Amino acid sequence: MCWDYIEANPFNPEAAGWQTACEKNEKWIKHASKIPANISVINQASATSLPYPDGFFDVIATDPPYYDNVPYSYLSDFFYVWLKRTVGDLYPELFATPLTPKSEEIVAYSHEEGGYEAGKRRFEEMLTKSFQEICRVLKDDGVACIVFAHKSTDAWESIINALLNSGLYMTASWPINTEMQARLRAKESAALASSIYMVCRKRKGGKTAYFNEIKAGIEKRVHEKLDQFWEEGISGSDFFISAIGPAVEVFGKYERVEKLTGEQVTVAELLEHVRRVVSEYALSRILESPRLGGIDTEARFYLLWRWTYNDAKIPFDDARKLSQAVGIELTEHWNRGFIKKEKEYIRVLPAEERGKDFLKQTPANMVDVLHQALLLWSKNDRKGIAELLSRTGQAGNDDFWRLAQAVSEVLPEKDREKQMLQGFLYGREAYVKAAGSESAEQERLFE
């Protein structure tokens, strides 16, 4: 774990500033003082071995570790050593070790023996045991609420596998905005703004279903929730993650889901199908049309990336899964156009980062045409734009202009490319007219 800057900015009234902190603490003290003096019992125990009998609880709410996001035990060591010196004599059983115990911690550490794969496997196994314990101590009509937030599909694959293998299934899920956008962690990253609250019950019976039979039900449920999420303003990474819950609501009713060959459908295959459904839905809503045929696959990927991640660097595997959802092979495009590979990360380049020789190249797709047009616009070369649009046949192509408008709308305010797009779109009529004249002149030359 590396030291980083603290989150709080004492001079920022919108985030965790000093004034805000004082006001919130005052409100909390007033609120807490009104709570009746009910007795609460707090136990320290392992989540994989709960000290309660079967069917004990009506409701269980838990916020399990977020995969590899936070090194909880290492972070706790800082506080542990000081607590041990101040209250260690009062609770000797809680401070018996020099530092916090780490061998039973449920976190997907990649620095230990076996690396990333071993960490992922152990996280899933231990989390399954925890969920099985929740299932055991929950009443037959009880409810469990599990909170999770992670942008990695590997993390979601692990938690859903653990959930399905524990005897629980999801009956509802809600994305709730829990993260401050002003925090340092959210700057220049694809950090999520929402946590997903998964409401679960005990699965009754051991039914088996064929994926082909329940696929329509999954898509219907996903679309129902996506309509709701879209209207509520959920977008980007959160939108993709929010769709997982509705799919698992249908999928998780069955103890086993099979293909027609008899093979079991994996959670990874379910998530791949969900990504494809969400990609098509998001593109149709962003472009304000279900007709996607006129937009090439590279343009679909570019638009979806800008909407989901904007300028953030994303681990290769997550970028690959997004590209597969729209039908392009990432390895065939990186470092050859607007997709750039930086070690184990993938970035999508805006127009101004395409390089000084980019304008000399023949455009290979709609994004290349759009980026060259923007660079020419920044040079105030209207004639060059008209020639480019005429040569590539995009001047009168409504799909090209729909793409330009859509990219402009998904980019954040004050983004340089958004400003360039707005200026370019403002001159559309002039460029189309000039491109028409350019085309007519070329035809006369051939005559």
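We did not get these values from a lab; they are worked out from the coordinates using the rules stated. What you are looking at is a predicted structure, and each value in this text was computed from that prediction instead of being measured. Please note: Cβ atoms are built from the backbone with ideal geometry, for glycine as well, and neighbour counts cover all protein chains shown.
Note that the stretch 286-298 has calculated 3J(HN,Hα) couplings of 5, 7, 6, 6, x, 7, 10, x, x, 9, 5, 5, 5 Hz, one per residue in order, obtained from phi through the Karplus relation 6.51 cos²θ - 1.76 cosθ + 1.60 (θ = phi - 60°); glycine and proline are x.
Give the percent of DSSP beta bridges with both residues in the chain that are antiparallel, rounded to the nearest 5.
Close to 70 percent.
Residue separation of Ala45 and Thr362 scaled by 0.36 nm, minus their Cα-Cα distance, works out to 107.7 nm of gained length.
If you take every residue apart from Ala32 with its C-beta less than 14 Å away from the C-beta of Ala32, what net charge results, scoring Lys and Arg +1 and Asp and Glu -1? Taking every other residue near Ala32 into account, the sum is +3.
If contacts are Cα pairs under 8 angstrom and at least 6 residues apart, what is the relative contact order of the chain in percent?
Numbers: 560 pairs, mean separation 47.0, N = 447.
About 11 percent, as a whole number.
Label positions at His223 and Asp54, each projected 7 Å from the Cα along the C-beta direction, are separated by 4.3 nm.
Would you mind checking the stretch 303-332 for residues with the amide N under 18 Å from a putative spin-label position 7 Å along Cα→C-beta of Lys259? Those under the cut-off are 325. Think of it as helices only: each DSSP H run of n ≥ 4 in the chain is worth -39500 (n - 2.57), and spread over all residues that comes to -15500 deg cm²/dmol at 222 nm.
For the stretch 55-187, what does the relative contact order come out to in percent, with C-alpha contacts under 8 Å and a separation of six or more? Write out the running numbers ahead of the final one.
Values: 126 pairs, mean separation 47.0, N = 133.
Relative contact order, the stretch 55-187: 35 percent.
Residue order for Tyr91, Tyr169, fewest other beta carbons within 10 angstrom first, comes to Tyr91, Tyr169.
When His111, His273 are sorted by how many other C-beta atoms sit within 10 angstrom of their C-beta, beginning with the fewest, the order is His111, His273.
Taking each residue as 0.36 nm, the span from Ala37 to Ala61 lengthens on full extension beyond its C-alpha to C-alpha distance by 6.5 nm. Between Tyr426 and Thr20, the modelled labels are 3.4 nm apart [label points 7 Å from Cα along Cα→Cβ]. Among Phe400, Phe240, Phe11, Phe211, the ranking by other beta carbons within 10 Å of each residue's beta carbon, starting with the fewest, stands as Phe11, Phe211, Phe400, Phe240.
The local environment of Gly294, defined by Cβ-Cβ distances under 14 Å, has a net charge of -2 under the rule Lys, Arg +1 and Asp, Glu -1. Modelled label positions at Arg320 and Tyr210, each set 7 Å beyond Cα in the direction of Cβ, lie 3.2 nm from each other.
So what is the relative contact order for the stretch 212-349, in percent, with contacts set as C-alpha pairs under 8 Å and at least six apart?
Numbers: 115 pairs, mean separation 27.7, N = 138.
Over the stretch 212-349, the number comes to 20 percent.
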